[in-house]
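Working notes, structure below.
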Amino acid sequence: MSSGTPQGVVSQCGIGIDIGGTGTKGGIVDLTTGQLVGERFRIPTPQPATPQAVANVVRQIVDELQSRPEAPAPDSHVGIVFPAIIKNGVALSAANVDKSWINTDVDALMTETLGREVEALNDADGAGLAEAHYGAGKGKEGLVMVITLGTGIGSAMILNGQLVPNAELGHLEIDGHDAETRASAAAREREQLPWKKWATKRLQRYFSHVEFLFSPSLFVIGGGVSKNSEKFLPYLELRTPVEIAALRNNAGIVGAALWAQQCRDAQAAKPVIDPID
């Protein structure tokens with residue numbers, strides 16, 4: 001896949017890794033355009049998906065990507081998105097991976113295993129960050145909310161380009177229920193709801209509530225169900241504009257690479273304080 005960098009513009013590349021319950025995939029990302037340079041590389045996530053076992057797979061993927069001529073500098077930061085709440089690089093939960101991840105310092109483990117700096121991020125946050133910068137939310141000021149409808153409801157909040165991490169809005173309590181148990185794509189399939197009923201009764205209630213709480217500038221809807229947006233989107237009545245996610249399955253990889261760049265830039269911008277003699 002071509003990076004699509006405009007002629008005369010020097011591209012900056014980074015490596016992004018997306019760890020999932022069944023597969024771990026990575027790619028080289030052109031950070032100017034948000035597009036992948038070359039093909040993704042995927043290895044099945046080991047079972048059980050314990051921290052060191054997954055870290056070893058990530059190392060294999062990074063080694064493969066780093067061997068390519070388009071690879072970034074060997075000491076560049078690597079970004080990783082992971083299905084967990086991530087705070088200061090530490091996993092505070094574990095979804096679809098081994099529970100031994102809880103309280104694991106993901107940044108430290110991956111940095112030691114790879115021998116280079118690693119920045120970890122929640123997977124929904126990574127996908128949302130990518131959509132806000134390169135996809136459906138590109139150039140949008142204010143609060144962009146990326147909502148993914150799948151087995152559950154994933155969410156990401158990006159305010160003027162800056163991520164507000166770990167917004168678990170799929171777990172809002174609405175009408176006495178955990179929202180994702182009623183409004184996710186899996187709930188529609190489980191209850192065999194017609195598209196219109198799912199949209200007008202379940203999605204409308206969810207999005208109206210989120211809209212009331214946050215007054216966003218834009219909703220971006222992702223997840224596998226977004227391929228069928230014409231079957232539910234026309235039934236939603238919201239003040240907030242709604243767009244369909246553009247980056248699809250590459251969003252996690254792209255967001256991971258972008259997050260690594262943002263963390264690296266933030267570290268470089270910190271003032272150096274000389275010790276007092």
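Stokes-Einstein, applied to the Kirkwood radius of the range 28-168 over Cα pairs at a viscosity of 1.567 mPa s and 4 °C, places its translational diffusion at 81 µm² s⁻¹.
Length available on full extension from Gln52 to Asn228: 0.36 nm per residue minus the Cα-Cα distance, which gives 59.5 nm.
Does anyone have the angle between helix 204-214 and the longest principal axis of the chain? Alpha-carbon axes, 0 to 90°, nearest 10? Roughly 60 degrees, rounded to the nearest 10. When a/c reaches 1.5 or more, the comparison of a/b and b/c decides; with that in mind, is the range 67-137 rounded, prolate or oblate per its Cα gyration tensor? The shape class here is oblate. The ellipsoid that matches the Cα gyration tensor of the chain has semi-axes, each √(5λ) in whole angstrom, of 32, 21, 19, with the longest given first. Computing FRET efficiency as 1/(1 + (r/R0)^6) for Ser100 and Thr22, where r is the C-beta to C-beta distance and R0 is 22 Å, gives about 0.75.
Amide H contacts of Phe232 (H built 1.01 Å from N, in plane; Pro and chain starts excluded): no residue 5 or more places away or on another chain comes under 5 Å.
Accessible surface for Ser100 stands near 60 Å², nearest 10, in the context of the full protein assembly shown (1.4 Å probe). Taking the alpha-carbon centroid of each part, what is the distance from the range 27-61 to the range 101-147 in angstrom? The range 27-61 and the range 101-147 have Cα centres spaced 14 Å from each other. Coupling constants for the range 250-260 follow from the phi torsions by the Karplus curve (6.51 cos²θ - 1.76 cosθ + 1.60, θ = phi - 60°), and in residue order they are 8, 4, x, 4, 5, x, 5, 5, 5, 4, 4 Hz; glycine and proline get x. Under 5 Å from the amide H of Thr24 lie the amide H atoms of Ile43, Thr45, each residue being 5 or more positions distant or on a separate chain, with H modelled from the backbone and absent for Pro and chain starts. Of all the accessible heavy-atom surface of the chain, with the other protein chains kept in place and a 1.4 Å probe, what percent is carbon and sulfur? Accessible surface attributable to carbon and sulfur in the chain totals 50 percent. What is the antiparallel percent of DSSP beta bridges lying wholly in the chain, to the nearest 5? Bridges in the chain are about 65 percent antiparallel.
For the peptides 170-177, 245-252, the ranking by mean Cβ contacts within 10 Å, running from highest to lowest, is 245-252, 170-177. Towards the positive end of the charge dipole of the range 87-175, with charges on Cβ (+1 Lys, Arg; -1 Asp, Glu), say which of Gly128, Thr111, Gly150 has the farthest Cα. Of the options given, the answer is Gly128. Accessible area per residue (1.4 Å probe, heavy atoms of protein chains only) ranks Ser208, Ser215 as Ser215, Ser208, with the largest value leading. Annotation for the range 181-246: GluC sites (Glu not before Pro) lying in DSSP loop with at most 15 further Cβ atoms inside 10 Å of their Cβ are Glu191, Glu237.
The calculated pair-distance distribution of the range 140-245 uses every alpha carbon pair, bins of 10 angstrom beginning at 0, and gives 15, 54, 28, 3 percent.
The values are calculated or read from the model by the stated rules, or taken from the named source; none is laboratory data. Remember, predicted model here, so these are calculated numbers, not experimental data. A quick note on method: Cβ atoms are made from the backbone with ideal geometry, for glycine too, and the neighbour counts reach across all protein chains shown. These accessible areas exclude ligands, DNA and RNA; they are computed on the full protein's heavy atoms, side chains included. Shrake-Rupley method; radii C 1.70, N 1.55, O 1.52, S 1.80 Å.
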